Amino acid sequence: MPRAKVCFVLPSLNGGGAERAAVQILNALDPAAWDRSMYLFRREGAYLDRVDAAIEVVSGDDDARVGRWIALRRFVRRMRPQLIVAFLSYFSALTAVRAAAVGTRIVFNQQTPMSDFLDDADYRWGQSWRRAALSLATRIGYRLADAIVVTSNGVADDLVSAFGVARERIRVLHNPVDLAAVAVASQEPVDPAVDPRWPSAPRIVAAGRLADAKNYPLMLEALAIVRRSIPASLLVLGEGERGAAIRDCGEALGIADAVVFAGFQRNPWKFIARADVFVLSSRYEGFGNVLIEAMACGVPVVATASPGTRDIVADGVNGLLVERHAAADLAAAIERVLTDDALRQRMAHAARQGADRFALPAIAAEYGRVLGEVIA
């Protein structure tokens, strides 16, 4: 029986959650059933060397938007994949595939709630016409895709309620976590260059792009409150355009000496595993892969409630959800974990067990089933 030809399309493999999820899923699809390839608008990114050697990676490497579109259409015409799965750049992928006119079907993989994305301060939605244009394109384009895969029920609900996408066309498939790889990586020693700067007081870890959506100022404000009674320290893993402003926030709050910015780490799990609590303070999350990774390390989590985190955290069981995105509420949740040893140990145990439902083999098998249905 011939293998089905599937291609994942992304702008690049720069270090984001969507890119890492795409690589993990494509790597894990059964090579006996799938002829796998990946198309990148630009051949760059931290995850390039993590793509399975058996997967063909093709890139357009054209800086012009029109040039990238033409190169993708040419690729589809030449390779004739039965299915394209677009992670980001949805409309470029959709129109290029339809223009190629070779019968290729297309699936959108939506990682974030679109309404929140349109409100994100780091993107150019200040001009109302840009927001209106993308909102209209979403309403039209998502009707033209053959199927839509979303990372959480909250992302699905947003597409239905805000953009009129038919619920029956949406499939909820959570992002996977390679639990075995996390378990091994979490045992590696911490870099000597970082460890001396990370105090031995109760340790909080956060990880993610230094961007407005991650709302690090809220976390720093909460830390300032926590430190009135607990000498906690914070390690931040990640890089981003808001780095300088976030550091300035720590200085203004008088807690700069309690915060270590360690930058992007290829192995964040060795740091997370040594934390007393992992904290995610995002304004919104479409899913929250890093929460599952922290849970897999046996670390209790505290997260602001959003469409994605509600699918992961069982409040009071494997972590705490903070409904009101306020510093006092976040600080109270962190203090509760740090001061209640029995609760912390109970949640750490439940966190390990809770991570199992997001294991890579099971999620990849579900992807294989859903993508097969789209082709059929």
Can you spot a residue in segment 288-304 that is within 23 Å of residue 224 (Cβ to Cβ), surrounded by fewer than 19 Cβ atoms within 10 Å (Cβ to Cβ) and not hydrophobic (A, V, I, L, M, F, W, C)?
no
Residues 321, 343: which one is assigned to a helix (DSSP H, G or I) and either surrounded by fewer than 17 Cβ atoms within 10 Å (Cβ to Cβ) or not assigned by TED's automatic domain parsing to the domain that holds residue 155 (or both)?
343
Residue set 213, 193, 183; condition outside the structural domain of residue 367 (by TED's automatic domain parsing), modelled with pLDDT under 95 and under 16 Å from the mean Cα position of the chain (by Cα); output residue 213
Residue identified as among the acidic types (Asp, Glu) and modelled with pLDDT under 95 among 248, 257
257
In this structure, does residue 65 turn out to be of a type outside the set (A, V, I, L, M) and touching a residue at least 40 places away in the same chain (Cβ under 8 Å)?
no
Please go through segment 27-53 and give me each residue that is under 21 Å from residue 12 (Cβ atoms) and aromatic (Phe, Trp, Tyr), ordered by number.
39, 41, 47
Among the candidates 296, 359, 314, single out the residue that is in contact (Cβ under 8 Å) with a residue 40 or more places away in the chain, closer than 24 Å to residue 268 by Cα, touching a Pro at 6+ places or on another chain (Cβ under 8 Å) and small (Gly, Ala, Ser).
359
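The values are calculated or read from the model by the stated rules, or taken from the named source; none is laboratory data. Everything numeric here is computed off the predicted structure, so don't read it as measured data. Ideal geometry is used to build each Cβ from the backbone, glycine not excepted, and the neighbour counts take in all protein chains shown.
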